[in-house]
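Peer 1: This structure is in structure tokens; I'll ask about it shortly.
All of the numbers you see were taken from the coordinates with simple rules; none came from a lab. These figures come from a predicted structure and were not determined experimentally. Note that we place each Cβ from the backbone using ideal geometry, even for glycine, and neighbour counts take in every protein chain shown.
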Amino acid sequence: MKNIIFSVFLLFNIAMAADNIASNDFSDEFNDEKLEVFDPLSGYNRVMTSFNDKVYIYVFDPVTRGYTAVMPEVARTGVSNFLDNLLFPIRFVNNLLQFKFENSAEELGRFLINSTFGLLGFMDPASEHLGWEAHDEDFGQTLGFYGVGSGFHIVLPILGPSNLRDSLGLVADGYVSPLNNFGDSDLKYKIPNNGEETIYISTSKNINKNSFHLGRYQDLKKDALDLYPFLRNIYEQKRKNEIKE
């Protein structure tokens with residue numbers, strides 16, 4: 001039974017293609033720019049895209065809608081603030097590695113203020129009163145900053161669209177993240193004690209995060225004549241733009 005529960009939570013942990021790729025911030029650039037993607041695994045990627053799509057539509061989305069129905073928005077916002085505050089090390093380290101010292105200083109300030117005056121991060125006074133917004137950077141972006149190409153595109157089971165560079169970045173960020181612990185880190189600030197607890201925490205985080213974007217993935221799909229290359233190109237363009245910033 002324990003293994004069954006673990007597997008179910010793993011399936012729920014689809015890292016929300018809806019949130020990762022359904023952004024309108026770069027839609028104009030995407031529509032006007034021809035994108036070339038190295039895609040030697042296209043056959044596998046199509047199959048995995050179909051699998052992830054069904055998991056999202058038939059499992060993850062209904063669970064998220066149920067969660068949204070019983071959890072008030074103010075509570076979900078507090079949970080989101082708390083978890084984002086805990087992920088400060090990823091943003092801080094990657095901003096430093098990209099020589100974005102002002103951003104890394106703001107990240108440190110945000111963490112200190114929100115962890116104290118923000119009641120352990122459940123509130124965000126750093127943003128609301130000081131205008132210090134989070135500067136999202138990950139190790140995939142850091143590798144791109146140093147000129148590492150994206151490599152081949154790959155759709156990860158449950159996790160969705162990625163590429164070789166960003167997949168390696170996920171491993172590095174997972175080592176630094178306080179919310180990840182698969183027994184491969186000696187960092188003392190890790191919250192989960194093992195892989196199972198990591199999955200539970202990550203699943204809860206993603207369900208809460210997706211509760212603010214219900215319907216986004218479905219709206220995105222309406223514009224897709226062929227779902228796989230549509231999602232692939234949006235993901236790759238989004239990452240290209242993020243690295244340029």
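Peer 1: Which one of PHE111, MET71, PRO125 is farthest out on the positive end of the charge dipole of segment 25-163, using unit charges on Cβ (Lys, Arg +1; Asp, Glu -1) and the Cα centre as origin?
Peer 2: The Cα lying farthest towards the positive end belongs to MET71.
Peer 1: OK, next. Using a 7 Å offset from the Cα along the Cα-to-Cβ direction at both ASP136 and LEU187, what is the distance between the two label points in nm, to one decimal?
Peer 2: 1.9
Peer 1: Answer rounded, prolate or oblate for segment 41-156, using the Cα gyration tensor with square roots of eigenvalues a ≥ b ≥ c: rounded when a/c is under 1.5, else prolate when a/b is larger than b/c, else oblate.
Peer 2: Judged from the Cα gyration tensor, segment 41-156 comes out oblate (a/c at least 1.5, b/c at or above a/b).
Peer 1: Next question. Within 10 Å, count the other beta carbons around each residue, average over each peptide in 158-166, 201-209, 144-152, and list them highest first.
Peer 2: 158-166, 201-209, 144-152
Peer 1: Once the Cβ-Cβ distance between LEU120 and GLU245 is put in as r, and R0 is 35 Å, what FRET efficiency do you end up with, to the nearest 0.05?
Peer 2: Efficiency computed from Cβ-Cβ geometry: 0.75.
Peer 1: Something else about it: Want the number for ASP219 to TYR146: 0.36 nm per residue separation, take away the alpha-carbon distance, what's left?
Peer 2: So the chain would gain 22.8 nm between ASP219 and TYR146.
Peer 1: Let me ask something else. State the extension gain, in nm to one decimal, for the chain segment bounded by PHE101 and VAL74, taking 0.36 nm per residue of separation less the distance between their alpha-carbons.
Peer 2: So the extension gain works out to 6.5 nm.
Peer 1: Let me ask something additional. Using the charge dipole of segment 92-245 (Lys, Arg: +1 at Cβ; Asp, Glu: -1 at Cβ; taken about the Cα centre), state which of PHE152, SER177, ASN210 has its Cα farthest towards the positive end.
Peer 2: Result: PHE152.
Peer 1: Setting aside same-chain residues fewer than 8 positions from LYS100, which lysines have a Cα under 21 Å from its Cα?
Peer 2: LYS238, LYS240, LYS244
Peer 1: Where a ≥ b ≥ c are the square roots of the eigenvalues of the C-alpha gyration tensor, would you call segment 2-244 rounded, which needs a/c under 1.5, or, failing that, prolate if a/b is larger than b/c, or oblate?
Peer 2: It comes out rounded by the Cα gyration axes.
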